[in-house]
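Before any comments, here is the structure.
The values are calculated or read from the model by the stated rules, or taken from the named source; none is laboratory data. This one's a predicted model, so the numbers in the text were calculated from it and none came from an experiment. Note that we place each Cβ from the backbone using ideal geometry, even for glycine, and neighbour counts take in every protein chain shown. Protein only, heavy atoms only, side chains kept; ligands, DNA and RNA dropped before computing areas. Shrake-Rupley method; radii C 1.70, N 1.55, O 1.52, S 1.80 Å.
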Amino acid sequence: MKELDLIKLEAELKKRWPYRDLWFRKQNDTWDDYSNFIYNIQGFEDLIERIDLTVKKFDLNKKHFFYYTVNRWYNYWSARAVEQLFIGLDGVVAATNKRDRLVDFSIQRVKFDLKTTKFPRGFGRNLTFAQSHEQKLIKWLYLNQSTGRRFHTENRLFLIVYSTDGYHYKLKAEIAWLRTVIENYVAEFNPEQLKRPHITETKPAYSDIIWAIR
């Protein structure tokens, strides 16, 4: 996979910031198909142009499709950037099978599916509780995120962004800052400190949380 220009990509991602953090509808296969061009567009202005064309072509609700698409685009390219930050660090090895959706890389030979997510309001507890009860939060994330066809009980590594001003989603674009957070985690990684989500006992999974708080 071609290496990304992270400085340029960070600038493009931050162009999404002036717009609210809204979805208007749950992800679904139909609108995913309409918006799958996100995987080929890094520039925000190019994205907006393609959204307008798609709205006209399929007679879609412009506001709803705009937010649906910019959110998918933002999450996808932020995740790609974050994954690249891991790859190349000592002890981190990229997955050899790029089509394997369950493994992004391994750290000290432990395979992980990386999930970058903002602090979930649905968890129902505050940051202090979450940090002192990581295993409970991990189990909640397994059961409530990446559901449906995307659900699995393999190893997951959660990078959770939390902003003190409440705009958690903005931190997904702070690529240069996230680099330091990730480097610190990998440098201190200890497989013996991984947590068990206890979703199924027949096939144990291992997980951890990287806190990105600012």
### Message
For the stretch 115-134, which positions are open to solvent by 80 Å² or more (accessible area, probe 1.4 Å) and either closer than 18 Å to Glu83 by Cβ or modelled with pLDDT under 95 (or both)?
### Response
Arg121
### Task
Run Arg80 past the list (1) under 25 Å from Lys170 (Cβ atoms); (2) touching a residue at least 40 places away in the same chain (Cβ under 8 Å); (3) open to solvent by less than 30 Å² (accessible area, probe 1.4 Å) and report the number of the one that doesn't hold.
(3)
### Query
Which of the residues that make up the stretch 105-139 are among the aliphatic types (A, V, I, L, M) and part of a strand (DSSP E or B)?
Ile107, Val110, Leu114
### Query
So which pairs qualify, if the first residue must be in the stretch 4-33 and closer than 20 Å to Tyr68 by Cβ, the second must be open to solvent by less than 80 Å² (accessible area, probe 1.4 Å) and of a type in the set (Val, Ile, Thr), the Cβ gap must be under 7 Å, and the two must be at least 6 apart or on different chains?
Arg16/Val70; Tyr19/Val70
#### Entry: Contacts under 7 angstrom Cβ, first residue in the stretch 179-191 being closer than 17 Å to Phe158 by Cβ, partner among the polar types (S, T, N, Q) and open to solvent by 70 Å² or more (accessible area, probe 1.4 Å), 6 or more apart
Phe189/Gln108; Pro191/Gln108
### Query
Restricting the search to the stretch 165-205, which residues are touching an Asp or Glu at 6+ places or on another chain (Cβ under 9 Å), part of a loop (DSSP other than H, G, I, E, B) and surrounded by 14 or more Cβ atoms within 10 Å (Cβ to Cβ)?
Glu174, Phe189, Leu194, Ala205
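Being of a type in the set (S, T, N, Q) and more than 18 Å from the chain's Cα centre (by Cα), is that true of even one residue in the stretch 6-29? Talk me through it step by step, then tell me what you get.
So in the stretch 6-29, the residues of a type in the set (S, T, N, Q) come out as 27-28.
Filter once more, so that each one left must be more than 18 Å from the chain's Cα centre (by Cα): none.
Checked the stretch 6-29: no residue is of a type in the set (S, T, N, Q) and more than 18 Å from the chain's Cα centre (by Cα).
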### Query
Can you name every residue in the stretch 171-212 that is under 14 Å from the mean Cα position of the chain (by Cα), under 14 Å from Val82 (Cα atoms) and not aromatic (Phe, Trp, Tyr)?
Leu171, Lys172, Ala173, Glu174, Ile175, Leu178, Ile182, Ile210, Ala212
### Summary
Taking the stretch 1-49 and keeping residues surrounded by 11 or more Cβ atoms within 10 Å (Cβ to Cβ), assigned to a helix (DSSP H, G or I) and among the β-branched types (Val, Ile, Thr) leaves Ile38, Ile48
### Task
Just name the residue that is most open to solvent (accessible area, probe 1.4 Å) out of those in the stretch 83-114 that are among the polar types (S, T, N, Q) and closer than 19 Å to Ala187 by Cα.
Gln108
